[in-house]
Amino acid sequence: MRSAALRFCPVLLLLLAKVHLGSAAAVKKRAVKSDVLKPDPYSKKCPMGTYLANDSSRCLPCKKDEYTEYPNDFPKCLGCRTCREDQVEVSPCNSTRNTRCACKNGTFCLPDHPCEMCQKCQTRCPKGQVRIAACTQQSDLRCGPPLDNSSSFTTTGIIISTMLPVVLVFLLVLLCCCCCRRYSAGSGGVLSRKPRAMVKILLQRMGIQDNNCNEQIYQQQQQQQQQLLTTEQGSEVPRGVEVEVEEVAPRTPNVETQRNLVPVPGKDPITVLSSSFNTFVDLVPFPQWRRFGRALGLRENNLYQAEQNDRESGEPLYQMLIMWLNKEGSKASVNTLLETLSQISLSGVADIIASELIRNGYFQYEVS
């Protein structure tokens with residue numbers, strides 16, 4: 001029994017092998033049959049990498065050196081391109097893409113033109129121009145005018161246009177501060193007319209008024225006058241200022257604190273009064289001139305006319321005082337001007353102006 005079983009083993013192995021090979025062949029046959037592509041039922045086109053067979057029921061794959069890049073109904077695939085001698089191969093051909101070629105180094109072919117032949121690149125730019133972009137396989141050497149000069153000019157222009165207004169404003173502020181210091185340090189607090197007039201012209205034309213500086217002048221004038229009025233007998237009196245030492249009552253707003261002024265004997269009152277207008281122009285704070293004119297009874301039209309008639313010198317206050325003099329006639333008095341300054345809270349300025357008019361020989365105190 002044992003020997004008979006051993007004789008049948010080879011036969012069984014052969015049968016098993018045959019059955020296995022037969023089943024494998026059947027599976028392979030079914031797989032090949034199922035891999036056959038068919039055209040799209042709607043567009044009737046085959047996918048890329050295939051072409052439509054003659055019976056129009058199958059899509060066959062492209063052969064070697066053939067391709068189709070898009071869905072198609074071609075009867076055969078397209079042949080792959082061969083790069084020219086003046087080109088190099090960028091990527092090889094396959095069933096779904098043609099051969100990709102490009103111009104050799106030093107040559108180019110514009111992408112929006114048919115590349116029948118690669119053109120040589122320029123080796124240098126024309127005289128007076130510089131290289132903007134190097135030569136590539138799609139473009140020639142690009143040249144243009146130098147950019148450094150124009151860029152530098154543009155940058156310089158921007159810097160100048162930005163810094164010039166700042167520098168002008170800084171110089172004006174510095175000039176005003178210098179005027180303030182000279183005013184406080186000078187004898188009697190009086191500036192020469194020319195520098196002050198020049199500052200007023202600049203400020204009026206630029207539309208800039210340094211209110212802080214004017215306010216500082218006004219406060220210094222009040223402090224200086226207060227010191228003069230409270231100076232005791234025997235103390236040092238500033239040069240150029242005549243001060244009568246007497247007991248001074250506490251100062252209250254809108255109250256006359258000094259005696260009336262009268263013209264110096266032998267001089268015409270109107271001429272002396274008009275000559276004193278320069279002192280008012282020098283010492284009355286510029287922002288207060290309109291307020292001063294309104295307090296004197298002038299109308300807005302008169303103030304506007306004074307400003308229009310005096311654009312060159314920058315002293316509309318002087319023109320305003322001339323209008324006031326013409327309006328008042330023989331009734332015009334320097335005491336009216338001083339009292340009006342006291343009424344608009346500029347009594348300190350009025351006191352300094354009075355002292356200055358006496359020192360210049362225009363007026364003197366009225367003898368009671």
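The numbers here are math on the coordinates, done by the rules we state, and not lab data. Keep in mind the model is a prediction, meaning the values are calculated, not measured. Don't worry about glycine lacking a Cβ; one is built from the backbone with ideal geometry, like all the others, and counts go over all protein chains shown.
Taking a sphere under 10 Å around the Cβ of residue 76 and counting the other residues whose Cβ falls inside, with K and R at +1 and D and E at -1, yields a net charge of 0. Phi angles of the stretch 56-63 translate, via the Karplus equation with coefficients 6.51, -1.76, 1.60 and θ = phi - 60°, into HN-Hα couplings of 6, 10, 9, 10, 9, x, 5, 7 Hz per residue; Gly and Pro are given as x. In terms of the mean number of neighbouring beta-carbon atoms within 10 Å, the peptides 280-286, 126-132, 334-340, 361-367 order highest first as 280-286, 334-340, 361-367, 126-132. Normalised by the number of residues in the stretch 39-147, the mean separation of alpha-carbon contacts (under 8 Å, six or more apart) gives a relative contact order of 17 percent. Around the Cα centre of the stretch 33-103, unit charges on the Cβ atoms of Lys, Arg, Asp and Glu (plus for the first two, minus for the last two) sum to a dipole of about 240 debye.
Couplings 3J(HN,Hα) of the stretch 126-140, computed from phi: x, 5, x, 10, 10, 6, 9, 8, 6, 6, 10, 5, 10, 8, 7 Hz, in residue order, whole Hz [Karplus 6.51 cos²θ - 1.76 cosθ + 1.60, θ = phi - 60°; x for Gly and Pro]. Across the stretch 330-341, coupling constants 3J(HN,Hα) worked out from phi with the 6.51/-1.76/1.60 Karplus curve, θ = phi - 60°, read 6, 7, 5, 9, 5, 5, 5, 5, 5, 5, 5, 4 Hz, and Gly and Pro carry x.
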